[in-house]
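Q: I have a structure I would like to understand better, so I am pasting it below and will then ask my questions one at a time.
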Amino acid sequence: MIILSYLIVAMSLIAPFLAGRVLGKNFFGQDTPIFIGLTLQAVLGIVISIYVYGYEHRKKATVLLGYAIFFLSTGLCYLVGKTLWLILFWELSTVSAFLLYQGGKWNPNSIKSFIALVVAGGIGAFCFTYWIYSPDSEFGNFFLVTGLLVKAAFFGFHFWLPEAHSGSPAHASAAYSGILVNLPLILFHQWVGPWIGTTIFIKILIPMAGFGVLWAGLSSLFSRDAKKAIAYSTVENMNFLFLCILLSALWKDHELESLRVLSRSFSFLFILSLIHHSVSKTFQFLSIGYLTKISGFSNVDQSTGVGRISGIPTSLLSLGTVSFLAIPGTTGFLSEATFVKLVAGVLEIPGQSAILVLPLLILVSSGLVLGAAGHLRIFLGMILSRPRTNWPEHKPAKTILYSLSISGVLILLVSLGISAYAVYYSPTKEWLDEQWYRGLAIVNSIGLVMFLFVGVLGLRTKISKRKLWDCGGNYGGADVAIPAEGISDPLFPSLGRYFTNEQGNSRLDEAILHSIIKFLNTFKASVNESDEESISINLAFSSITVVLLLFVIIGLKLAEGDLWKLFLNTLTQ
């Protein structure tokens, strides 16, 4: 049964490529971003499927079947365009998440996680339905943009993503953050990017995206929940990627040649950063999620040092963190270095348009640094520190090691491939600075060689004698614990308290969620012999969503005139 399940998963990963060929998609032309999205899904889908075998101990075939539905429906969403199939397949990918949770027992966090997905799915379905059937294309485009922003966890619409990650299995979190959120981003790039540059939307979304990067970086740094911290890092990356798309659209048809070139450069940065985010974030959720499962706690400080007894090499667990720290040799280094290059390019261009964007880019840079500090905080506390709890030594399943090794190697090899692409095409592409990318490739290659050297040397070196730390208090150990709170707490009184509470929860997100629950409570009907608030809220939301969708479809059809004319003819006969 397991073998059959893996065969079905493999078919679900291949089928979207075949469907794209049948539908006439130009994967090596205007539809290249779609091809990149499907390729990322195929590669990372294989990694996640291997990981499931070692992570889950029950109902593995059911979980794999859920992934087959998830991969197939998500892949087809790239291809179906403005049709009802988009809503069907997208909601099918959301509902299939129910099967991904079957490997473990349901608990309050997992229930909240699934409900968060359903809420985002309901809002998205409503928006896409209006867009598809709207007789007014301009007003319909508003709902298209709103639906994609919700699905991609854009700032202000992101409230569901941290909750979705807080109670989901590690492999499901990797699928959400490394695969699913790529879909609305790429569709935004393909469907919205060509026309949004001349609308009022872009003047609103660019400042929101810039502030969203800063806000999400701060929330990631001060969150005490490891999975939520990485989820906020995802929100940060989503806003950064949206900013790349929006700046590219803003200057696409500008009268200055230098700004048009910069537009193409930001479009390239979008693709580069999308690959970095997908690969590195998949690794982070798989590795950190596995450590939280071993410790039994998602809190960073309660899981201090769990990486030491996990049985997974520290050098392997560090790859995701060093990528987000932009260390040479990783995809993160290429993404951050290219962004710095483009910021410098904005400074060199005369005109008010570039000058007004510059302060926003400074905020974005600060947000990226804070987000990287959030990853470093988790690494120091959970992986590098001495365990505070006497956990037994753990031996991970081979498939866990295989999947982490493959995704870790991808972080290094993909950076090498991107460097080779940039160097090869830079002489013929005006938006690729040949001298810059040649130097970047050299630094990146040196960093990769250093990784290999340190890794091989570390595996062959045996510590014959450990020196003891003299930390006072009669401590005589060879290791020292680095609590995560030691990094974030000094900044909390001056900075963190404005964004998060003492429990590490985002003040903004709690306000949004409380407002939504209060709104839904007005529609909630009492259920006899049931005290579960989440059940009634979920039922209320589902019923409201279905009714609204029906009214939207009927109303739009009436507006088109067909049903209205039929109704009038019936009355007059």
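Q: Here are the criteria: (1) open to solvent by less than 70 Å² (accessible area, probe 1.4 Å); (2) more than 17 Å from S177 (Cβ to Cβ); (3) assigned to a helix (DSSP H, G or I); (4) not hydrophobic (A, V, I, L, M, F, W, C). Tell me which single one E138 does not satisfy.
A: (1)
Q: Taking region 13-53, which residues are open to solvent by 10 Å² or more (accessible area, probe 1.4 Å) and of a type in the set (G, A, S)?
A: Correct list: A15, A19, G24, G29, A42.
Q: Counting just the residues of region 257-285 that are touching a helix residue (DSSP H, G or I) at 6+ places or on another chain (Cβ under 8 Å) and basic (K, R), which one comes out farthest from I48 (Cα to Cα)?
A: R264
Q: On to the next question. Select, from F242, F222, the only residue that is more than 22 Å from L286 (Cα to Cα) and either assigned by the TED database to the domain that holds V181 or touching a residue at least 12 places away in the same chain (Cβ under 8 Å) (or both). Lay out the reasoning, then the answer.
A: Working: F222 fails: more than 22 Å from L286 (Cα to Cα).
Only one candidate passes the filter, namely F242.
Q: For region 225-233, check the following and say yes or no: at least one residue is within 20 Å of the chain's Cα centre (by Cα), closer than 19 Å to L363 by Cβ and crowded, with 24+ Cβ neighbours inside 10 Å.
A: Yes - at least one qualifying residue is present in region 225-233.
Q: Give the residue that is nearest to N107 (Cα to Cα), with candidates limited to residues of region 141-151 that are of a type outside the set (A, V, I, L, M, F, W, C) and open to solvent by 10 Å² or more (accessible area, probe 1.4 Å). Working first, answer last.
A: Residues of region 141-151 that are of a type outside the set (A, V, I, L, M, F, W, C), as a first pass: 141, 146-147, 151.
Narrowing the set further to residues that are open to solvent by 10 Å² or more (accessible area, probe 1.4 Å) leaves 141, 146, 151.
On the way: N141: 39, T146: 31, K151: 25 Å.
Once the filter is applied, the top-ranked residue is K151.
Q: Oh, and also: Where the second residue is basic (K, R) and in a helix (DSSP H, G or I) and the first is assigned by the TED database to the domain that holds S298 and lies in region 488-505, which pairs have Cβ atoms under 7 Å and are six or more apart or on separate chains?
A: Hits for this filter: zero, empty list.
Here is a yes/no grid of residues against (1) over 18 Å from F324 (Cα atoms); (2) part of a helix (DSSP H, G or I):
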| site | (1), (2) |
| --- | --- |
| F240 | no, yes |
| H254 | yes, no |
| S258 | yes, yes |
| S273 | no, yes |
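Q: Within region 288-297, track down each residue that is open to solvent by 30 Å² or more (accessible area, probe 1.4 Å) and under 15 Å from K228 (Cβ atoms).
A: F297
Q: Right, something else. Spot the failing condition for W160; the list is (1) more than 14 Å from G289 (Cα to Cα); (2) modelled with pLDDT of 95 or more, and only one is missed.
A: Checking W160 against (1) more than 14 Å from G289 (Cα to Cα); (2) modelled with pLDDT of 95 or more, the one that fails is (2).
Q: On the basis of being outside the structural domain of L291 (by the TED database), among the hydrophobic types (A, V, I, L, M, F, W, C), touching a Phe, Trp or Tyr at 6+ places or on another chain (Cβ under 8 Å) and touching a residue at least 12 places away in the same chain (Cβ under 8 Å), does A19 make the cut?
A: For A19, the condition - outside the structural domain of L291 (by the TED database), among the hydrophobic types (A, V, I, L, M, F, W, C), touching a Phe, Trp or Tyr at 6+ places or on another chain (Cβ under 8 Å) and touching a residue at least 12 places away in the same chain (Cβ under 8 Å) - is not met.
Q: Counting only residues that are assigned to a helix (DSSP H, G or I) and charged (D, E, K, R), which one in region 390-439 is surrounded by the fewest Cβ atoms within 10 Å (Cβ to Cβ)? Can you show your working first?
A: The first filter runs over region 390-439 and keeps only residues assigned to a helix (DSSP H, G or I), leaving 398-425, 434-439.
After this cut, where a residue has to be charged (D, E, K, R) as well, the list is 398, 434, 438.
Working: K398: 11, E434: 15, R438: 14.
If we take residues in region 390-439 being assigned to a helix (DSSP H, G or I) and charged (D, E, K, R), then K398 is surrounded by the fewest Cβ atoms within 10 Å (Cβ to Cβ).
Q: Is it fair to say L325 is in contact with a Gly (Cβ under 6 Å, 6 or more places away or on another chain), in contact (Cβ under 8 Å) with a residue 24 or more places away in the chain and surrounded by fewer than 24 Cβ atoms within 10 Å (Cβ to Cβ)?
A: Values: in contact with a Gly (Cβ under 6 Å, 6 or more places away or on another chain): no; in contact (Cβ under 8 Å) with a residue 24 or more places away in the chain: yes; surrounded by fewer than 24 Cβ atoms within 10 Å (Cβ to Cβ): yes.
No, not satisfied.
Q: Can you tell me which residue within region 152-175, out of those that are open to solvent by 10 Å² or more (accessible area, probe 1.4 Å) and either polar (S, T, N, Q) or assigned to a helix (DSSP H, G or I) (or both), is nearest to F285 (Cα to Cα)?
A: Looking only at region 152-175, we keep the residues that are open to solvent by 10 Å² or more (accessible area, probe 1.4 Å), and these are 155-157, 159-160, 163, 166-167, 169.
Now restrict to residues that are either polar (S, T, N, Q) or assigned to a helix (DSSP H, G or I) (or both): 160, 163, 166.
On the way: W160: 17, E163: 14, S166: 11 Å.
Ranking the candidates gives S166 first.
The values are calculated or read from the model by the stated rules, or taken from the named source; none is laboratory data. This is a predicted model, so every value here is computed, not measured. A quick note on method: Cβ atoms are made from the backbone with ideal geometry, for glycine too, and the neighbour counts reach across all protein chains shown. Note: areas computed on protein heavy atoms with side chains; ligands, DNA, RNA excluded. Shrake-Rupley method; radii C 1.70, N 1.55, O 1.52, S 1.80 Å.
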